[in-house]
Structures are given as C-alpha cells and as structure tokens.
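Just so it is clear, none of the values below were taken in a lab; they were calculated from the coordinates. Predicted, not measured: the structure shown is a model, and the values here were computed from it. Cβ placement follows ideal geometry from the backbone for every residue including glycine, while neighbour counts extend to all protein chains displayed.
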Amino acid sequence: MRWRVLSAVAVMVAALGIGGCAASDSQPSVPGGETAVPTAPPNSLAAEDLQTIVDRCATPLATDDASLGAELSAAGQSAAEAALFFATSNQCADIPAALQRTDVSSFTSPLSFVEQPCEGRTVVSFWAHYDDDLIFGNPVIDEELGSGACVRTFFFTYSDAGEGESTYASEREKGIRAAYDAMLGRSGAWVDRSVTLVSGMTVTMTKPNDDDRVSLLFLRLPDGGLSGTTFIYTGQQTLEKLLSGALPSLRTIDAGRSVSVATLEKSIAEILAGYVPDRVLTHLPKESAESAGDHPDHSSVGTLVSRAVDAGAAPSAQVEYAIGYPSAERAANITGTQLERKASLFAVYAAHDPVIGCSSAQTCLARAHFGDWLQREYLVAQADLRR
C-alpha cells in the first residue's frame, strides 16, 4: 500500500505547486479581481527523492508515509536536502530535527543539522592526539569557552601509542572529556553517536548531555609515534606515510574504515563549512620551518588543515597554527594564575594517562617536557607562516 499513500502525497504536492507544472496557464483570482501571485515551492525535492526518504525512513521513524511525505514537501530547501542525505546515509533518526531547522541557509554538511546553533562565537580546532589541545591550544580554548563560545574539536588519531583498540586509548578519551568538563565547570554524562559526513567519512561525536557548547569528534586513526614509522601492531600506518604517498589509505582502529588523503581533505573542508567558525586552531604544518622536531602526527595534521585553508575552506585571517614540541625552546609566556589553570586542566586529563603519570598542576609541571610545554602557548597566524 506504500505506493498508494505516496501517490496521494504526490497529488497533494502537485496541488500545492511543489515540484510540478501548473495545471493550466490561467492564474487564480482573488477577491477584488486581482490575480494571485503563485507561491514558490519550499523546496525542489524530486518525487523520486521523496520516495527514497519515505521508503527508507518512515518505518525507522515510526511514522506513516503520508505524514512524513507532507513534512518533506513543506520543508525548506536546505532541510529537504539534509533529509535526503540522512536517508541515503542511514541516519534517519536525524530527519525530524533537520526538518524543523530554518536557520541553515544551505546544506553543506550534516554537522549543521545535528548540532544546535551557537549563540556566540564558534572555535574549531584540529589536533593529532587527545591532549594536544590542552598543551598547545590552551589557554585560548579555555578562555573562548569562558566567554561563551562554542568549541568543536576534531582529533585525528586514537592516541593509542601502538596498542590499537585498548584500555589505554579509551582512558585517554575519558581524560579529554573530563578536561572539557573541568573547563565547562560541570560533571555528568556524555552522549556518543556516529556521524557520516558528505565526504563519506564517519566520525564519533561525543558531547556533554547538558551543554551544547562542546563537541569532540574522534576519527581514531592509528597513532604514528615519534618516528612516524613505528608500531608494528597497528600495521605501521601513519599520517606521515599517508601524506608522502607511501600508503594509499589508513584504516581506523575502531571500525576498520578506509580513509585516504582526499577523504581527509574533503572532511576538513566540510567540517569548516558545517560549523562556519570564527576562529580555527591546529598544529603547524610540516612545511613550516618552526615545525622541525615536532611530532610527525602534529605536523601532518597541520599540513592537511593548511591545504584546506589554502584552498579557501576558511578565511586565512581566522586560522592560527600552534607551535608544538619546539615551543619549549622559546621563552615561557604562561605564568601565574593562568598557568595554574592550564596545568590544573591538563592534570584532569593526565590522571587518565598512565604514560604521563601526574594528577595535579604541580606534579604535571614537574614532568619532563610537559612542564615546559605547559608554560608556553605560541600561535602563528596564517599570514606569518614561513613555508
């Protein structure tokens, strides 16, 4: 009976003037003899697209075909396109919320629809490992959150140190959630879900269940290690090898999904388009002279993001690149209460990371290398990049 219900919807759509031709050349009159101006259809969703969404999602959404078809026909263009994408990417559960959104002008990414709009600024950052933002992007991230900004943080690797899917990696994920809890001044549950992007890449999104200002995106690629060629257990897969062309793709540790350079570049551009950030933070690219001696994963991420920015994915004036390990060679520029805050936030994370082995601001500042990095934050503007 589904085709009959859908046919009824199609008739209703045609009657509304949506997606069909006029029944005649004459225009209806209104009282007073004036000619009515035809109403533009809310969207240009084709009949076969409507059919696809209803067939795939009416049952999962526990709604009848006609009701879903009517909602789709009345939806704005961007919401209709989002609904079609969600249907064809097996994300039917996101359709009802998408159909209610009228604040998104065009469909570029599902991220625009699965996230609530930010009331203030939006900061998007891209990092290799779960603690990189806390070490090299703070206190900026913490201060942005304190001023009411939304922060969307993307992590490329599982930060697994060659162990693959392990307690070590999952504990580091718990640690980064705990650190953001501390920045937000909350404690409570986080909600995880998968999001498939238009690029085809699937990420895990994790969010506090009561605060939409923070979203963390986990891709969970293999950690490359300091040499960029190590970790036999995870197949010696590294971002550096991917960028050099030595490997055609990498596989995510959690689900074994294949990810190529092209997919990563498209995904970075899509994340930036979906979130429309006011500020972008990431690592220095490997082409920068100041990245010499940094972790290969760091500089590889910086290269990928800088390529997207060079291609116009974000205004260059919004983008800043964090100096990583080599920052220790510069003068300390985080002191006093600002340093106490930064080190305390890092300690919340580090309590879940047995490799670092510190759980207070004082003990973390005393750790070799980490203490030096925590006392520094050096961000390089796109215009000042030396490549």
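Dipole of the chain (Lys/Arg Cβ +1, Asp/Glu Cβ -1, origin at the Cα centre): which of PHE154, HIS295, PRO96 lies farthest to the positive side?
The one lying farthest along the dipole's positive direction is HIS295.
If you fit an axis through the alpha-carbon atoms of helix 77-88 and take the longest principal axis of the Cα set of the chain, what angle between them do you get, 0 to 90°, nearest 10?
Roughly 70 degrees, rounded to the nearest 10.
Between GLU163 and ASP210, how many nm apart are label points set 7 Å from Cα along the C-beta direction?
Taking the simple label geometry, GLU163 and ASP210 are separated by 3.1 nm.
Give me the percent of DSSP beta bridges within segment 118-248 that run antiparallel, rounded to the nearest 5.
45
Would you mind calculating the gained length between SER244 and ALA292 on full extension (0.36 nm times residue separation, minus the Cα-Cα distance), in nm to one decimal?
Separation in residues times 0.36 nm, less the Cα-Cα distance, equals 15.6 nm.
Output the antiparallel fraction of DSSP beta bridges having both residues in segment 118-384, as a percent to the nearest 5.
Roughly 45 percent of the DSSP beta bridges within segment 118-384 come out antiparallel.
Angle check, please: helix 167-184 long axis (alpha carbons) against the longest principal axis of the chain (alpha carbons), in degrees 0 to 90, nearest 10.
Helix 167-184 sits roughly 80 degrees off the main axis of the chain.
Where a Cα-Cα gap under 13 Å defines reach, which aspartates and glutamates qualify for LYS342, not counting those fewer than 8 residues away within the same chain?
ASP131, ASP132, ASP133, ASP142, GLU143, ASP372, GLU377
Once every DSSP H run of n ≥ 4 in the chain is given -39500 (n - 2.57) and the sum is divided by its residues, what mean residue ellipticity at 222 nm do you get, rounded to the nearest 500 deg cm²/dmol?
So the helix-based figure for the chain works out to -11000 deg cm²/dmol.
Output the 0 to 90 degree angle, nearest 10, between the alpha-carbon long axis of helix 65-74 and the longest principal axis computed from the alpha carbons of the chain.
Orientation of helix 65-74: about 80 degrees from the principal axis.
Please check: in the Gaussian network model of the chain (C-alpha springs, under 10 Å), which one of LEU134, LEU219, LEU50 has the largest mean-square fluctuation.
So, out of LEU134, LEU219, LEU50, the one fluctuating most is LEU50.
Hey, if you put +1 on the Cβ of every Lys and Arg and -1 on every Asp and Glu Cβ in segment 118-384, which of PHE136, THR167, SER344 ends up farthest toward the positive end of that dipole?
Result: THR167.
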